[in-house]
Amino acid sequence: MRAARMKELGYEGKVPHVDKENYGTFSIAINSLYPTSVHHGMFESIVKVLGSDQQVSEVWDDIVDYKILGCYAQTEIGHGSDVQGLETEAIYDEATEEFIINSPSVKAYKFWPGDLGKMANHAVVFAKMIIKGEAYGIHAFFFRIRDSESHTPLKGIEIGDIGPKYGYPYKDNGYMAFSEFRVPRSAILSRYVSVSKDGMIELKGDPRIGYATMLWIRVQLLFFGWQVKFSNIAQCVRYTLKRKQFKSLPGTDIERPIFDYQATQDKIVSAICYSYANLTISHFCMDTFYKMEEKVKNEDFSMMNDLHVLISSLKAYCMDYDMTTLYNLRELQGGHGYLYLANIPGWIDAWSPNVTLEGDGYVLFQQTSRKLMKKLKSV
Ligand SMILES: Cc1cc2nc3c(=O)[nH]c(=O)nc-3n(C[C@H](O)[C@H](O)[C@H](O)COP(=O)(O)OP(=O)(O)OC[C@H]3O[C@@H](n4cnc5c(N)ncnc54)[C@H](O)[C@@H]3O)c2cc1C
């Protein structure tokens, strides 16, 4: 009901940026992360960014109708931050015009993709493309992974749920391994790279556009972040106005609301200021991302570098500071703040993986400093 009302408000223009891409808002409305968040946030986005017009038009209606439910299979047991270190192989077989997808070792098992453990019937799989014995870097392949009738993994694919983890308790993060699994040549998402029948590669534009999906998710996290904080701030303000401790007002016998205390106000006002800053910058990032997307459609990649630095460093900073803010809001609700009934522990659980997923904060700060040092040298 609340989610439906949020959508109506969005169409009436009363809530900013409520559209089908903004599932964060609906998550707040239902007080939980959206179950198909990876399908919407990552899978849809990577198909749109890396798929050719023809590929997108062939699958888009089914994606929107949930006939195709997808996941984003990049991270492996052996490598996460270092994407170039991924070991899943896509070996081109010229005779059959197919790619053979293989996990050469247990380190190459895909590990962590959300929506994979139980739900997904398709995946975008990142693999090292090998043609005539030569490796040509990591590329994205789109294909079915589970049977359309029985929903069991297709022959040559092993899939499972990775089991309970801290944060995202309800998300079916999964693992996936390949053994001589064949996909057609057309499985490679081919807006920026294509392979001819005889194994010739054509690269178009800037291959780093593949990271656009990660950038988009980082923007979404920034955008989602202020909504999570404001909803918890509102609750915290209500609680601290009602909750009373100590008859410490001189000359009176009345108990003081904990909101009266300077330390409480300091935490709440800091959280409000930070959340407004987060709101403003996330709108800026989203608008700028859309501008970059338009330019990229015309093969103009000039905005990518600076936007990457801005969004990545903000993601690293905000995800970390969000946790400090949520802990402060939890502390202001004392013992009751530990109850899952109080909502905030659920959000602390749900938000905590964001410091690591979509780019570990430390690694992102390192990348940002490297870029800034480079700019400094060029001044
Ligand atoms: C809840 C959750 C959901 C996820 N969903 C998905 C998904 O849908 N699809 C998907 O593909 N992946 C997913 N992931 C995986 C996630 O993207 C990776 O875990 C993340 O990118 C970090 O990589 P890693 O685990 O290899 O960490 P590592 O890179 O191994 O990092 C471990 C530590 O080493 C440090 N470190 C790494 N490199 C350096 C360096 N150069 N210098 C100094 N320190 C360094 C890091 O700062 C960190 O402290 C998910 C993860 C989680 C937790």
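The values are calculated or read from the model by the stated rules, or taken from the named source; none is laboratory data. Computed from a prediction, not measured in an experiment: that's the story for all the values here. Using ideal geometry, Cβ is built from the backbone for each residue, glycine included, and neighbour counts are taken over all protein chains shown. When the accessible area is computed, the model is the full protein with side chains, heavy atoms only, and any ligands, DNA or RNA have been set aside. Shrake-Rupley method; radii C 1.70, N 1.55, O 1.52, S 1.80 Å.
When all protein chains stay in place, what accessible area (Å², nearest 10, 1.4 Å probe) is found for Ser270?
Only protein atoms counted, so the area is about 50 Å².
Sorted by accessible area with a 1.4 angstrom probe, largest first, how do Trp112, Trp226, Trp351 fall?
Trp112, Trp226, Trp351
Using helices alone, I'd like the mean residue ellipticity at 222 nm for the chain: each DSSP H run of four-plus residues gives -39500 (n - 2.57), total over residue count, nearest 500.
After summing the helix terms and dividing by residue count, I get -14000 deg cm²/dmol.
Where both partners of a DSSP beta bridge lie in the chain, what percent of those bridges are antiparallel, to the nearest 5?
The antiparallel fraction comes to roughly 80 percent.
Each label point is 7 Å from the Cα along the Cα-to-Cβ direction; what then is the distance between the points at Glu58 and Ile272, in nm?
Label-label distance for Glu58 and Ile272, simple model: 5.5 nm.
Within the accessible area of the chain, what % is carbon and sulfur when the probe is 1.4 Å and the other protein chains stay in place?
58 percent
Starting from the Cα of Lys244, draw a straight line to each of the lysines and keep only those under 30 Å, dropping any in the same chain fewer than 8 residues away.
Lys229, Lys267
State log₁₀ I(q)/I(0) for the stretch 67-204 at q = 0.10, 0.17 Å⁻¹ as given by the Debye formula over alpha-carbon point scatterers of equal weight, solvent excluded.
-0.31, -0.88
With a 1.4 Å probe and all protein chains kept in place, how much accessible area does Asp115 have, in Å² rounded to the nearest 10?
About 0 Å², ignoring ligands and nucleic acids.
With the contact rule set at Cα under 8 Å and sequence spacing of 6 or more, what percent relative contact order holds for the chain?
Computed over the chain, the figure is 14 percent.
Using modelled backbone amide H atoms (1.01 Å from N, in-plane), which distant-in-sequence or interchain residues come within less than 5 Å of Phe143's amide H?
Close amide H contacts, sequence-distant or interchain: Ala123, Val125.
Helices from the chain with mean Kyte-Doolittle at least -1.0 and a Cα length along the axis of 18 Å or more, per DSSP H: which?
212-242, 262-297, 304-331, 361-378
Out of residues 5 or more away from Tyr109 or on other chains, whose amide H comes under 5 Å of its own, with H placed 1.01 Å from N in the peptide plane?
Ile77, Gly78
Ignoring ligands and nucleic acids, what accessible area does Leu372 show with a 1.4 Å probe (Å², nearest 10)?
Approximately 100 Å² of Leu372 is accessible to the 1.4 Å probe.
Within straight cross-link reach of Lys128, meaning Cα distance under 19 Å, which lysines are found once same-chain residues fewer than 8 apart are removed?
Lys107, Lys110, Lys197, Lys204
Using only Cα atoms, locate the centre of the stretch 313-333 and the centre of the stretch 188-213, then give the distance between them in Å, rounded to an integer.
39 Å
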